[in-house]
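What follows is one structure encoded as structure tokens, with my remarks underneath.
The numbers here are math on the coordinates, done by the rules we state, and not lab data. This one's a predicted model, so the numbers in the text were calculated from it and none came from an experiment. Quick reminder, even Gly has a Cβ in these numbers, built from the backbone with ideal geometry, and neighbours come from all protein chains shown.
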Amino acid sequence: MSLRSLDEARRLWVNLARVPATFPVRGGVNVVVSPESLLCPPGWAGVVALDGAVLATVPDAGLIEPLRSTLVHHVREADDDLGSLPAQVPAVEVLGPATLAYLDAGDFVAVHADAEIERVPAVHRDVRALMAAVEQPEAEESGLEEITSAAFVVRAGHDVVAAAGYQSWLGTAAHLSILTAPGYRGRGLARQVASAAVADALAGGLLPQWRARPEPSRRVARALGFRELGSQLSMRLKR
């Protein structure tokens, strides 16, 4: 991962904070007040760790110092791993953590498709049918419903059994989403459709971003050349 792409990732999250902010240097922590932050749900605290530095947003000033002091200690002890952070603060609800991985064009490992990759509109009924074929939490976790790109799909007969696409974040990053039907997993289909989506994002000048919690998803990202640079966590804190 080049320094340029790391800087692009930092700028992305700074812009998502929705207030004037900076991403600190390695080992640093910056906590800012932003009720409109896109790092987290409204009213929550959002924490993003990249390359050993942390940017966080909170909904009001009273939460700055308690979170900042905890984060300073946490970064010193755990670097980018946010997994133990919720136990160190009065969190009522938690989303994550999820790893953040990024890809340079020069690191991209394109995957040869064994099956035909078809490009269809994101709202295509067969893509919707794939999402309906899995449990709702899994469909939501995939993020496929939120993509702004076309969907890149593999079919078995008439049915879409794997799909990938991305959501453009601020015209800077391509946030990848992938889903494979339960009966077709373990066949490399996720890598194939994701490879097509990544190639499309790179052709559009976007920075591919892969956010994941499950290890199988992280393995797919690594196979394509993504490098894990940090993690993201959202918390609703006691006040």
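Data overview
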| item | result |
| --- | --- |
| For peptides 211-223, 110-122, sequence by mean Cβ density within 10 Å, most packed first | 211-223, 110-122 |
| Highest-fluctuation residue, Gln167, Gln209, Gln88 considered, GNM on the chain with Cα pairs under 10 Å | Gln88 |
| Whole-number D in µm² s⁻¹ for the range 109-223, Kirkwood Cα-pair radius fed into Stokes-Einstein, 37 °C, 0.692 mPa s | 238 µm²/s |
| Mean residue ellipticity (222 nm) of the chain, computed from DSSP H runs ≥ 4 via -39,500 (n - 2.57), nearest 500 | -8500 deg cm²/dmol |
| Percentage relative contact order, the chain, counting C-alpha pairs under 8 Å, at least six apart | 26 percent |
| Sequence ranges 183-191, 93-101, ranked by mean other-Cβ count within 10 angstrom, highest first | 93-101, 183-191 |
| DSSP bridge pairs, the range 109-223: antiparallel proportion in percent, nearest 5 | 85 percent |
| log10 of Debye I(q)/I(0), alpha-carbon scatterers only, for the range 97-172 at 0.24 Å⁻¹ | -1.24 |
| Pairwise centroid distance, computed over Cα atoms, of the range 5-71 with the range 127-158, Å | 31 Å |
| Full-extension gain in nm, Asp81 to Arg187, via 0.36 nm per residue minus C-alpha separation | 35.1 nm |
